[in-house]
Amino acid sequence: MLSGCSLTGSTGQQDAANETAPDAATAQTAPTTDTGGEQVVIAIPIANGRTAVAPPVLSEADVASIPLPGTTSDRPAADPAPVAEEAETVTTDGGAANQAPDDDGAVPALQPGWPSPGQDAPMPASMVAVRGGESVVLVETTSGRAAVIFQTSLAVDPEDRVGPNSPVSVDVSGHGVVYVETCCADPTALITPIDIGDATATSTKLAGSGPALSGSGDRVALIDPQGRVAVRQVQTDESAEASLAPGLMPHSVSWSTDSSLLVVGAGDASGTAIVTVDAANLSAREVLRPPAGAWTMPQIAAGGTIVANASDAQKSALALIDPITGTTLSTIELEISGGIVDIDLDSTGRWLLIVDGLGRALAFDGNELTLLAGDGYTAASW
């Protein structure tokens, strides 16, 4: 846990940093077909072998020396994992209709595999994360160098029955602007914009939760105090409400990589749902429901596939979902402990940042899970 600006970890963390990574043969697991026949279930271990131990420690650095979110590291994606034969045949008409034609005019169908980053889309160079329930840190993903960009005290006034405004979620644009949600000494959650590159910049706090910045940084989507999805113009403060199906209560919102769609995680008495919303007119396109279990924290990956947390008491898993029909194209089981607490796709829609139940941050490129430096995380974005 951070105390002031200290970023030093435990001895156990340092021991973990010195562990030897397994060879490539043990870092990949061959896909197997689920008993459902159509789904492809792929088990992904942590590539560096630290399945249930502490990650490397953070090292304190000046904020100006850490790359801003939106830049990329020099760490390329792993070579693509072998894909089961069934993965090449799982397509849906709805998915095909949602894809752009290729050069010969044919419309490619959605594939159940992850949209692999390839060598031209290396891992993001930095992330922003809520740490220890009191701080937001900017972390360089390859080195673990970190700096505190937002700090609140956990000390509670004896007469304050609610507690301090502590950071609970965070989202960052590729322009170095971070939106920090704090809760809950005030009657409603507050969202504070922070410009990493300009400590003197001032901005207006917003009432609401779950902020999500568009790729261009000109709009922020959030859940307002009335439980509605609102999209706010950053420059003008104009706001409009998105239309969802009656009775659905939103719990998360995110953007497609081109900012043309919003994907909303919601729920009602029937269970969880995913709503795709046209960003131009804020009208709902599709309402998708899981055949079993729950889908939470949905994101739109490169190519249009929806990625959602599909974990349950037995496993930590991601579902890749057709955005038109709601068909589960494939399930990726992740060998991490404590479940999935938060996920966030980068601006390319190819690298997924995961916070697990042990407070660790992991990068996923569709083939490997890489444990990033630091611990005590409860939310993260890149």
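Only the coordinates and a few stated rules stand behind these numbers; no lab work does. Values in this document were obtained by computation on a predicted structure and should not be read as measured data. No Cβ is skipped: glycine too gets one built from the backbone with ideal geometry, and neighbour counts run over all protein chains shown.
Rank-order 205-212, 126-133 by packing density, defined as the average count of other C-beta atoms within 10 Å over each peptide's residues, highest first. Write out the running numbers ahead of the final one.
Values: 205-212: 21.2, 126-133: 24.1.
Answer by packing, highest mean first, reads 126-133, 205-212.
With r as the distance between the Cβ atoms of Val63 and Glu241 and R0 = 25 Å, compute the FRET efficiency 1/(1 + (r/R0)^6) and round to 0.05. Write out the running numbers ahead of the final one.
Values: r = 36 Å, r/R0 = 1.43.
Plugging the Cβ-Cβ distance into 1/(1 + (r/R0)^6) gives 0.10.
Charges were assigned to the Cβ only: +1 to each Lys and Arg, -1 to each Asp and Glu. The resulting dipole of the stretch 267-335 about its Cα centre is roughly 80 debye.
Which FRET efficiency value, to the nearest 0.05, is calculated for Arg289 and Ser260 with the Förster distance at 25 angstrom and r the Cβ-Cβ distance?
On the way: r = 23 Å, r/R0 = 0.92.
Working from the Cβ atoms, E equals 0.60.
When you count the other C-beta atoms within 10 angstrom of each residue and take the mean per peptide, 269-278, 217-226, 234-243 line up highest first as 217-226, 269-278, 234-243. Counting neighbouring beta carbons within 10 Å and listing from fewest to most, the residues Met123, Met249 come out as Met249, Met123. Note on the stretch 245-382: with charges restricted to the Cβ of Lys and Arg (+1) and Asp and Glu (-1), its dipole about the Cα centre is near 240 debye.
Each label was represented as a point 7 Å from its Cα along the Cα-to-Cβ direction; for Glu335 and Ala207 these points are 4.9 nm apart.
Between the residues Leu362, Asn309, Ile324, the greatest Cα displacement towards the positive end of the dipole of the stretch 264-382, with unit charges on the Cβ of Lys, Arg, Asp and Glu, is found for Ile324.
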